[in-house]
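The values are calculated or read from the model by the stated rules, or taken from the named source; none is laboratory data. Predicted, not measured: the structure shown is a model, and the values here were computed from it. Here the Cβ positions follow ideal geometry from the backbone for every residue, glycine too, while neighbour counts run over all protein chains shown.
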Amino acid sequence: MAESHAHDAHAHDHHEEGWFKKYFWSTDHKMIAKQYLLTGMLLGAVGAYFAYVFRMQLAFPNKPVPGYGLVTGADYNALITNHGAVMIFWVAMPVLIAAFGNFLIPLMIGCDDMVFPRLNRLSYQIFLVSAIVLGASFLVEGGAFGGAWTAYPPLSAKAEYNLTPLGPSLWLIAVALEFVAFLLGGINFVTTAMNSRAPGMKAFDIPMAVWMIVIASILFMASVGPLIAGAFMLLFDQLLGTGFFDPDRGGDPVLWQHLFWFFGHPEVYVVLLPALGFVAEIITTFSRKKLFAYKTVLYTTIGTGVLSFFVWAHHQFIAGIDPRMANVFTVTTVLISIPIAEMCFVYIATLYGGSIRFAVPMLWALAFIAEFLVGGVTGIYLGASGADIYFHDTYFVVAHFHYTFFPIAIIGTFSGVTYWYPKMFGRHMNELWNKVHFWITIVGFNGIFIPLFMLGASGDHRRIFDYSNFPELATPELQQLRVFATVSLLVMLAIQPVFLINFFYSMFKGKKAEANPWNANTLEWQCPSPPPHGNFAVLPEVYRGPYEFSAPDRADDFWPQNSPT
Amino acid sequence: MLEHYMIQGSSYASHIDGLVWVVLLITTFWFLLAEGMFFYLLWRYREQPGKKALYINDDLEHAIKYKWVEIPHRLILICDVAVILGAVSVWSEVKLSMPVTDETVRITAQQWAWTFRHAGADGELDTADDIVTVDDLHVQLGKTYKFELAAKDVLHSFSVPVFRLKQDAIPGRVISGWFKPTQAGEFDVQCAEICGIGHGIMPARLYVETPEAHAEWIAHPTHYLAYKNK
């Protein structure tokens, strides 16, 4: 199928494509990847703006926020709800899985395009519609949904409780559409990686980034079903008056929590794995080392993925589930530390004996490891059920999952973008400005979330727009921490335009990139930068694994996968 | 660690804080080890002119893997068992067991207020001398209380940081638990589950009183909500 499409694609190249067809109606996996990337970046700016507004409210309560105005309780709830939803469903997912999955899978496995290019186009279009529906939810009567991104009923189910008659339904429809988009994408990724690999590429010759995106897609497809069912049940409760989650009519609100978190926890690994894949590609290239224990990485990934289906109720320890169940979920949750820690050790061990060059993508990849470790160890406090009684729904939780999601969605994305930018656009970004951007972003990030650990330990509960009603929390010391976090956020946001200008300027004016600027081994570096429609002039054959760096008896310290000798 | 941030106000607060100490020690050890090794390797194996990276063949990898993966794997398993045992024992004490209690207090959450039904002078609920208050919970130091938690509309969460106690309230159910105050004073009660636009204005006050002060309050309840018993 891929081959027959290749003929189509080449036939198309001969006559000039219109602007619309090239940029909006393309079936080229690289163009779809860029559509996802730019849409994700745009929505990332929206999510960051939400964070700016509610962090300003927390630091300087009830003062008009520049660029927004006065934040009411209803505004605040809508902002935090949609900050979470946007950052996970409309930033992390489209950028990490869809953008990089689309761009990398065909190039890394050495084929000309996805197996289902039109499905791929449809996937992006549905995704775009989902983003528009989400945007529309801000414009309807009553305003956007404000019941937290977890959308627990009965609050999310009844307008008399949430006071937003239309927002929750539009929000749910947007989320359900987004899932459809990623189901289509996932089908494509898995099928392409299974069927279209270059001749000679055996299972253990597949670059880790491809493995990770494929495993993430499988986890997504396996976990999202119950939530789609749940979303429709909730939608029926809202619009048709059913009572799936309504205790007055025999329904059960906690059922939603199970359906949500059965998806919600694997979802963490769905976005984590692609980022781990990028990091594997980058640390091997810039330390000139083989990935240490390739198979261990692969097996621990699969192990983590399987285990992630058995931990969901750790989000619900105190939610009214049978308390005996908490013991089971504490065991599975704490055990997940083993594969994750192993993966961290293996990555760190890869650096051993290397020749490490601190290029910008490497800085981001290393920052991922250093920061993700914080997110990893702080998870143990929450997985230990007894301690979670105190920490549940405090800022400690907020700080913990931002120490996982920020490395994943932001640091992981920056590592991937800076590493593959020359391949995507055929030019280099400015290295100096990228380094400035890197350091200020990393310092700012830690400045935001370290105070939140302390606030959480002090009892600050989440989703409160004004702490003045709580004497224990309305102290000057705690307010200083809140201000510190907000100022750090302002610093971090202020440096992002530097990256954006660099990103767009370099697209047209950056230094031209060669095919293989980092001297890497994987197949995407063996075709021109940027790759033309159809990718490879001659489809490559594979002779070895992806990380054969610094092999003895070779003049070069790299050994491309497709090089016969 | 938590005791530096928040007073220990109940019989099990110190046990939860002890568990946090166990987790803190274990995670700090692994965190410092991993970060220390990480930054050491970055410095030790930085790019140097004329120095080629090490090529790890399968035999070498196998040997190193034992040291880098399998030994840590086992050690982490041991640490996990310690964390799990601590977590389960504290959890069982707070959430699974129900000690002999002296009195019961009924807590009802709604958008956006707490109603507390105290037993009054006779120590029995659902009698004529019950004291019903809104947003004020009065308990006696050293007595063991059972609570019965319900919600009228949406999910709420009864959270008392000084007690280290948190429990979601679910409409249609009554969830029981217990606490034993060990520290007199006036403390925050929070709603810790988002419950609508008034979630941030749903505080209550907890008054832990000495037996004399508590008896005085029962005799002359301030903040008393006029309530006709059925």
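Side notes on the structure shown:
- Identity of the residue in region A:507-542, aromatic (Phe, Trp, Tyr) and surrounded by 18 or more Cβ atoms within 10 Å (Cβ to Cβ), that ends up nearest to A:MET114 (Cα to Cα): A:PHE536
- Whichever residue in region B:162-186 is more than 20 Å from A:GLN316 (Cβ to Cβ) and under 15 Å from the mean Cα position of the chain (by Cα) and, among such residues, is surrounded by the fewest Cβ atoms within 10 Å (Cβ to Cβ): B:LYS180
- Against the numbered list (1) over 19 Å from the mean Cα position of the chain (by Cα); (2) at pLDDT 95 or above; (3) not in a loop (DSSP other than H, G, I, E, B), A:TYR152 comes up short only at (3).
- Conditions (1) buried (at least 21 other Cβ atoms within 10 Å of the Cβ); (2) more than 23 Å from the chain's Cα centre (by Cα); (3) assigned to a helix (DSSP H, G or I): number failed by A:GLU477: (1)
- Comparison of B:ILE84, B:ILE56, B:ILE78 shows that the only residue that is under 30 Å from A:ALA293 (Cα atoms), free of Cβ contacts under 8 Å to residues at least 24 places away in the same chain and touching a Lys or Arg at 6+ places or on another chain (Cβ under 7 Å) is B:ILE56.
- For region B:126-149, taking the residues that are within 15 Å of B:ARG106 (Cβ to Cβ), surrounded by fewer than 17 Cβ atoms within 10 Å (Cβ to Cβ) and out of contact with any Gly (no Cβ under 8 Å at 6 or more places or on another chain), the one that is farthest from the other protein chains (Cβ to nearest Cβ) is identified as B:ASP126.
- Any hit, region A:117-129, residues being among the aliphatic types (A, V, I, L, M) and crowded, with 23+ Cβ neighbours inside 10 Å: no
- Which listed residue, of A:GLY264, A:GLY303, is closer than 22 Å to A:VAL95 by Cα and surrounded by fewer than 22 Cβ atoms within 10 Å (Cβ to Cβ): A:GLY264
- Checking each residue in region B:5-23 for being more than 8 Å from every other protein chain (Cβ to nearest Cβ) and not hydroxyl-bearing (Ser, Thr, Tyr) picks out B:ILE7, B:GLN8, B:GLY9, B:ALA13, B:ASP17, B:GLY18, B:TRP21, B:VAL22.
- Extreme residue, farthest from B:PHE158 (Cα to Cα), among residues of region B:196-211 that are at the interface with chain A (Cβ under 10 Å from one of its Cβ atoms) and part of a loop (DSSP other than H, G, I, E, B): B:ILE197
- Picking from residues in region A:145-201 that are within 14 Å of another protein chain (Cβ to nearest Cβ) and of a type in the set (Ser, Thr, Tyr), the one that is surrounded by the most Cβ atoms within 10 Å (Cβ to Cβ) is A:SER156.
- Matching residues, region A:226-245, being part of a loop (DSSP other than H, G, I, E, B) and touching a residue at least 24 places away in the same chain (Cβ under 8 Å): A:PHE245
- Total residues in region B:150-195, condition at the interface with chain A (Cβ under 7 Å from one of its Cβ atoms), assigned to a loop (DSSP other than H, G, I, E, B) and charged (D, E, K, R): 4
- Residue within region A:241-256 that is more than 14 Å from every other protein chain (Cβ to nearest Cβ), more than 30 Å from A:TYR403 (Cβ to Cβ) and among the hydrophobic types (A, V, I, L, M, F, W, C) present: no
- A:SER169 being assigned to a helix (DSSP H, G or I) and of a type in the set (Ser, Thr, Tyr): yes
- Candidates A:GLY241, A:GLY277, A:GLY303, filtered to the one that is farther than 20 Å from B:HIS73 by Cα and at pLDDT below 95: A:GLY241
- Residues of region B:107-118 classified as farther than 16 Å from B:VAL208 by Cβ and away from every other protein chain (no Cβ under 14 Å), total: 3
- Qualifying helices (runs of 4 or more DSSP H) (wholly inside region A:341-422; at least 1 residues being under 22 Å from the mean Cα position of the chain (by Cα) and more than 11 Å from every other protein chain (Cβ to nearest Cβ)): A:360-383, A:395-405
- Any hit, region A:63-81, residues being closer than 30 Å to A:VAL214 by Cα, within 20 Å of the chain's Cα centre (by Cα), surrounded by 22 or more Cβ atoms within 10 Å (Cβ to Cβ) and in contact (Cβ under 8 Å) with a residue 40 or more places away in the chain: yes
- Restricting region A:286-338 to residues that are more than 7 Å from chain B (Cβ to nearest Cβ) and outside any helix (DSSP H, G or I), the residue that is nearest to B:ASP58 (Cα to Cα): A:LEU291
- Filter result for A:LEU134 (closer than 21 Å to B:ILE197 by Cβ, within 14 Å of chain B (Cβ to nearest Cβ) and of a type in the set (A, V, I, L, M)): no
- Scanning region A:131-162 for residues that are among the polar types (S, T, N, Q) and closer than 16 Å to B:LEU155 by Cβ returns A:THR150, A:SER156, A:ASN162.
- In summary, A:THR81 fulfils each of the numbered conditions (1) among the β-branched types (Val, Ile, Thr); (2) more than 14 Å from chain B (Cβ to nearest Cβ); (3) in a helix (DSSP H, G or I) with the single exception of condition (2).
- Against the conditions (1) without any contact (Cβ under 8 Å) to a residue 40 or more places away in the chain; (2) not in a helix (DSSP H, G or I), A:ASP248 satisfies every one except (2).
- Residues satisfying the criterion are present in region A:437-450 (criterion: under 30 Å from B:HIS156 (Cβ atoms) and buried (at least 19 other Cβ atoms within 10 Å of the Cβ)).
- A:GLU431 being touching a strand residue (DSSP E or B) at 6+ places or on another chain (Cβ under 6 Å) and either within 14 Å of chain B (Cβ to nearest Cβ) or in contact (Cβ under 8 Å) with a residue 24 or more places away in the chain (or both): no
- Test set (1) farther than 28 Å from A:PHE286 by Cα; (2) modelled with pLDDT of 95 or more - A:ASP466 fails condition number: (2)
- Residue satisfying all of: in region B:34-76; surrounded by 13 or more Cβ atoms within 10 Å (Cβ to Cβ), part of a helix (DSSP H, G or I) and among the aliphatic types (A, V, I, L, M); farthest from the other protein chains (Cβ to nearest Cβ) among these: B:LEU75
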